[in-house]
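Below is one structure, written out as structure tokens, with a few remarks after it.
The values are calculated or read from the model by the stated rules, or taken from the named source; none is laboratory data. Predicted model, so just to flag it, every value in this text is computed and none were measured. With ideal geometry, Cβ positions are generated from the backbone for all residues, glycine too; neighbour counts draw on all protein chains shown. What goes into the accessible areas is simple: the full protein's heavy atoms, side chains included, and nothing from ligands, DNA or RNA. Shrake-Rupley method; radii C 1.70, N 1.55, O 1.52, S 1.80 Å.
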Amino acid sequence: MSRSAHPAGPRHADVLPEGHYAAPAEDLNALDPKVWAHTVGRDADGVVTVGGIAVTQLAEEYGTPAYVLDEADFRDRARAWRTAFGNDADVFYAGKAFLSRAVVRWLHEEGLNLDVCSGGELATALSAGMPAERIAFHGNNKSPEEIERAVRAGVGRIVLDSFQEIVRVAHIAQTLGKRQRVQIRITVGVEAHTHEFIATAHEDQKFGIPLAGGQAAEAVRRALQLDGLEVIGIHSHIGSQIFDMSGFEVAAHRVVGLLKDIRDEHGVELPEIDLGGGLGIAYTSDDDPREPHEIAKALTEIVTRECESARLRTPRISVEPGRAIVGPTAFTLYEVGTVKPLDGLRTYVSVDGGMSDNIRTALYDAEYSVALASRTSDAEPMLVRVVGKHCESGDIVVKDAFLPGDLAPGDLIAVPATGAYCRSMASNYNHVLRPPVVAVRDGEARVIVRRETEEDLLRLDVG
Ligand SMILES: *Cc1c(COP(=O)(O)O)cnc(C)c1O
């Protein structure tokens with residue numbers, strides 16, 4: 001991430017003189033458990049395996065590129081969040097990170113709730129049997145049709161994002177003869193990314209209603225007057241890929257401050273607060289994310305302390321991790337097509353996918369790691385940039401990494417931690433077909449989202 005506080009190491013080629021890149025200290029064949037899914041390892045031949053299956057076999061059966069998702073790991077992480085927060089809090093998985101019907105069923109079975117932010121995500125959730133009362137509907141511009149579907153379905157909460165939406169949802173609910181449970185999303189003037197947070201004027205964004213200037217209090221005032229709405233709480237989401245808990249500390253302090261004002265003005269203590277998601281994962285060995293139980297403990301303590309000093313009953317907390325659950329559970333498997341050394345610079349390794357299956361590097365300057373997956377090698381490390389096959393020079397998957405110097409076309413390489421915001425943000429740029437998601441568990445693999453075909457593409461093109 002561009003604002004991360006990583007020390008300049010050998011990964012950061014830009015700060016090193018050309019041609020003098022330090023070789024990496026770590027063994028290139030090693031797979032750091034921090035960035036790989038739990039069941040990933042190498043077999044006796046050195047081939048990377050996941051859920052007991054070799055990637056060479058997966059490539060043969062399902063082709064490349066493919067997202068390979070470790071189902072046991074997904075369930076473990078979902079359960080760890082659920083267990084960490086216990087029965088006094090709710091965990092909503094943020095569906096936008098990656099949603100499919102299999103994922104919805106796993107979440108349901110593991111006792112999690114689900115955030116959706118569009119009619120499409122709502123349809124996916126309902127079609128896979130997630131009970132509507134366990135669904136929260138988010139977004140800054142839900143259409144009247146989407147709102148009506150959500151209210152009719154009986155979603156557990158709608159998170160209101162503007163004054164207009166307060167009236168819109170109230171009207172739709174009332175027309176349907178219902179009283180919709182809602183939270184009001186506010187912006188608390190905190191923005192957090194990775195290792196830093198900023199507590200200044202970050203209300204300058206499209207989401208939420210600013211606490212500043214009394215706007216959030218006014219939103220609550222209006223919502224409380226509308227018969228179609230049951231205001232159950234306040235919602236705050238401060239950023240993404242966060243490691244530093246102090247942003248949540250400030251956010252909780254300000255949200256509780258609003259709850260206190262509401263109590264003083266209206267005589268009601270709202271029963272819930274939602275602190276959003278955004279918890280960070282390890283994309284490279286430099287990242288040190290916290291465990292769910294540490295996060296749960298920290299958040300619970302912060303809210304309890306703030307409520308005690310405001311003499312409020314402690315509300316029920318909810319959190320919305322997306323990346324922290326699904327991110328580490330998948331890797332992208334690519335086949336190397338070309339290896340192009342540029343003298344004195346680096347070697348460009350082209351793979352059979354690229355920015356259409358992982359836009360994060362181009363969009364956010366995200367960092368990833370990469371490993372040779374179809375074999376091990378003792379060759380000297382070489383500095384590489386892993387690039388895709390698209391007609392765009394910014395089509396980079398891994399900006400700076402080391403791979404063995406004997407890397408050749410036909411080798412399989414794997415990029416870990418691509419479970420979140422990769423398939424869900426995938427595009428058809430250059431009419432490249434979106435890869436499948438293959439779930440593996442206990443020696444068995446199955447496709448949970450199939451590979452797109454040219455037929456799929458042409459079916460939409462009705463001209
Ligand atoms: C994106 C988002 C999340 C999930 O963020 P992660 O970084 O994936 O944990 C949770 N809540 C809201 C409101 C969001 O917009």
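Those residues that are away from the ligand (no atom under 16 Å from the Cβ) and buried (at least 21 other Cβ atoms within 10 Å of the Cβ), I need them from the stretch 263-283; list them, please. Even if it seems obvious, please write down each step before you answer.
We begin by selecting, within the stretch 263-283, every residue away from the ligand (no atom under 16 Å from the Cβ); these are 263-271.
Matches in the stretch 263-283: LEU270 only.
In the set (1) within 16 Å of the ligand (Cβ to nearest atom); (2) more than 19 Å from ILE158 (Cβ to Cβ); (3) of a type in the set (S, T, N, Q), SER236 fails one condition alone, (2). Please determine whether any residue of the stretch 285-294 is touching a residue at least 12 places away in the same chain (Cβ under 8 Å), closer than 24 Å to ALA136 by Cα and within 16 Å of the ligand (Cβ to nearest atom). Within the stretch 285-294 (the criterion being touching a residue at least 12 places away in the same chain (Cβ under 8 Å), closer than 24 Å to ALA136 by Cα and within 16 Å of the ligand (Cβ to nearest atom)), the answer is yes, since at least one residue qualifies.
Scanning the stretch 374-411 for residues that are of a type in the set (Lys, Arg) and assigned to a strand (DSSP E or B) gives ARG385, LYS399.
Applying the selection to the stretch 284-311, what residues are surrounded by 15 or more Cβ atoms within 10 Å (Cβ to Cβ), assigned to a loop (DSSP other than H, G, I, E, B) and of a type outside the set (Ser, Thr, Tyr)? Of everything in the stretch 284-311, those that are surrounded by 15 or more Cβ atoms within 10 Å (Cβ to Cβ), assigned to a loop (DSSP other than H, G, I, E, B) and of a type outside the set (Ser, Thr, Tyr) turn out to be ASP286, ASP287, PRO289, ARG290, ALA310. Being open to solvent by 20 Å² or more (accessible area, probe 1.4 Å), under 22 Å from ASP70 (Cβ atoms), under 27 Å from the mean Cα position of the chain (by Cα) and assigned by TED's automatic domain parsing to the domain that holds GLY51 is a description that applies to GLU335. Pairs meeting the criteria (first residue in the stretch 412-430 and in contact (Cβ under 8 Å) with a residue 24 or more places away in the chain, second residue more than 16 Å from the ligand (Cβ to nearest atom) and open to solvent by 40 Å² or more (accessible area, probe 1.4 Å), beta carbons under 7 Å, at least 6 apart or on different chains) are LEU412/THR56; LEU412/GLU335; ALA426/ARG434; ASN428/ARG434; ASN430/CYS391. Which one of GLU110, GLU60 is in the same structural domain as VAL449 (by TED's automatic domain parsing) and either under 24 Å from LEU176 (Cα atoms) or more than 16 Å from the ligand (Cβ to nearest atom) (or both)? The conditions single out GLU60. Residues in the stretch 312-365 that are assigned to a loop (DSSP other than H, G, I, E, B), under 30 Å from LYS297 (Cα atoms) and either aliphatic (A, V, I, L, M) or within 16 Å of the ligand (Cβ to nearest atom) (or both): LEU312, GLU320, PRO321, GLY322. Taken over the stretch 164-179, the residue count meeting the criterion of being touching a strand residue (DSSP E or B) at 6+ places or on another chain (Cβ under 7 Å) and either over 25 Å from GLY257 (Cα atoms) or open to solvent by 10 Å² or more (accessible area, probe 1.4 Å) (or both) is 4.
Residue-level check: of (1) open to solvent by 30 Å² or more (accessible area, probe 1.4 Å); (2) in contact with an Asp or Glu (Cβ under 9 Å, 6 or more places away or on another chain); (3) of a type outside the set (A, V, I, L, M, F, W, C), ARG42 misses just (2).
Yes or no: the stretch 416-437 includes at least one residue that is part of a loop (DSSP other than H, G, I, E, B), at pLDDT 95 or above, more than 25 Å from TYR364 (Cα to Cα) and not aromatic (Phe, Trp, Tyr). No, every residue in the stretch 416-437 fails to be part of a loop (DSSP other than H, G, I, E, B), at pLDDT 95 or above, more than 25 Å from TYR364 (Cα to Cα) and not aromatic (Phe, Trp, Tyr).
Taken over the stretch 84-103, the criterion of being assigned to a helix (DSSP H, G or I) and surrounded by 24 or more Cβ atoms within 10 Å (Cβ to Cβ) is satisfied by GLY95, ALA97, VAL103. When SER100, SER127, SER118 are screened for being of a type in the set (Ser, Thr, Tyr) and within 14 Å of the ligand (Cβ to nearest atom), only SER118 passes. Here ALA379 meets the list (1) in contact (Cβ under 8 Å) with a residue 60 or more places away in the chain; (2) surrounded by fewer than 16 Cβ atoms within 10 Å (Cβ to Cβ); (3) closer than 29 Å to GLU60 by Cα almost entirely, failing just condition (1). Looking only at residues in the stretch 191-249 that are among the polar types (S, T, N, Q) and open to solvent by 70 Å² or more (accessible area, probe 1.4 Å), the one that is farthest from GLU367 (Cα to Cα) is GLN225.
Do we have any residue at all in the stretch 242-254 that's more than 19 Å from the chain's Cα centre (by Cα), within 13 Å of the ligand (Cβ to nearest atom) and more than 30 Å from VAL397 (Cβ to Cβ)? Yes; the residues of the stretch 242-254 include at least one that is more than 19 Å from the chain's Cα centre (by Cα), within 13 Å of the ligand (Cβ to nearest atom) and more than 30 Å from VAL397 (Cβ to Cβ). In the stretch 415-432, the residue that is nearest to LYS389 (Cα to Cα) out of those that are aliphatic (A, V, I, L, M) and open to solvent by less than 50 Å² (accessible area, probe 1.4 Å) is VAL432.
Among residues of the stretch 307-318 that are among the charged types (D, E, K, R), those with a Cβ under 8 angstrom from a residue that is in a loop (DSSP other than H, G, I, E, B), sequence gap 6+ or separate chain, pair up as GLU308/THR314; ARG313/GLU269; ARG316/PRO271. Scanning the stretch 124-134 finds one or more residues that are outside the structural domain of ILE273 (by TED's automatic domain parsing), surrounded by fewer than 22 Cβ atoms within 10 Å (Cβ to Cβ) and on the phi > 0 side of the Ramachandran plot.
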